[in-house]
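The values are calculated or read from the model by the stated rules, or taken from the named source; none is laboratory data. Predicted, not measured: the structure shown is a model, and the values here were computed from it. Neighbour counts are summed over all protein chains in view; Cβ atoms, including those assigned to glycine, are modelled from backbone coordinates with ideal geometry. Please note that ligands, DNA and RNA were not included when accessible areas were found on the heavy atoms of the full protein model with its side chains. Shrake-Rupley method; radii C 1.70, N 1.55, O 1.52, S 1.80 Å.
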Amino acid sequence: MRTAAIIPAAGRGERLGPGVPKALRELGGAPLLVHAVRAVDRARSVDLVVVAAPPDDRAGVERLLADYEWIGEVLVVAGGLDRQQSVARALASLPEDVDVVLVHDAARPLAPPELVDAVAGTIRRGAAACVPVVPLADTVKVVADDQVVRTLDRSSLRAVQTPQGFRRPVLVAAHAAVEQALADGGLPDVPPVTDDAGMVERQGVPVVAVPGSEEAFKVTRPLDLLTAEALLTRRRAAGAR
């Protein structure tokens, strides 16, 4: 079974502040996107990496990735106006012989290859969809109009990471359903979907959870960059690239 990893990287990432898109912010001398590509490229299970670039800078991203000899060949496609469009365009570009699709955030640059292989392996063993999860460290409360409504039982709550894995037909069908709903006048009045697994869940497909990794955290704010720099420095000191 051939596996492709899709990395949507067309977003702006405003919470990191003004400037270049988040995926192109530097970490340890290279853009976050380069580290994210390397993370999935190093996994034994991944046969192809596809990056959905900003629609007006596909060639620029191609040139950027070509400058780093320590990553393999990457297919770069023009992304869309949002994450869903970007993943859908990358999906449409995949060779016919790809059976398993992983979707990985460019903003999770240090996800270990063992995590990538664990997700892909779960799909190869028969699961339709799979997400890595980690327990919540903080107490979670529901707040409305600046008032606490209730406290949630966090024992069954998990934070979801990427890469998320799918049987290709399952992910294609989920994206087609979203696109059809938009064409028909909009999505139902339900909570917004923020990841591909959420789209699959709406189709009634079971999603398997596997243990995530503390190193697969998402770089969203400036403090996250500092944490990523520290982790990268530690890895390099240990002899890892």
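Data for the structure
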item: Cβ pairs under 7 Å, 6+ apart, first in segment 35-61 and under 24 Å from GLY121 (Cα atoms), second surrounded by fewer than 23 Cβ atoms within 10 Å (Cβ to Cβ) and hydroxyl-bearing (Ser, Thr, Tyr); result: VAL50/SER93
item: ALA52 being within 15 Å of the chain's Cα centre (by Cα) and under 15 Å from ALA4 (Cβ atoms); result: yes
item: ALA106 under 16 Å from the mean Cα position of the chain (by Cα), in a loop (DSSP other than H, G, I, E, B) and either modelled with pLDDT under 95 or closer than 23 Å to GLN161 by Cα (or both); result: yes
item: LEU110 more than 19 Å from VAL87 (Cβ to Cβ) and open to solvent by 50 Å² or more (accessible area, probe 1.4 Å); result: no
item: Residue satisfying all of: in segment 24-42; buried (at least 23 other Cβ atoms within 10 Å of the Cβ) and of a type in the set (A, V, I, L, M); farthest from LEU91 (Cα to Cα) among these; result: LEU32
item: Residue among LEU182, LEU187 that alone is modelled with pLDDT under 95, open to solvent by 60 Å² or more (accessible area, probe 1.4 Å) and not in a loop (DSSP other than H, G, I, E, B); result: LEU182
item: Residue satisfying all of: in segment 190-203; in a loop (DSSP other than H, G, I, E, B) and open to solvent by 80 Å² or more (accessible area, probe 1.4 Å); modelled with the lowest pLDDT among these; result: PRO191
item: Positions within segment 141-168 being open to solvent by 50 Å² or more (accessible area, probe 1.4 Å) and under 30 Å from ALA5 (Cβ atoms), in sequence order; result: SER156, LEU157, ARG158, VAL160, ARG167
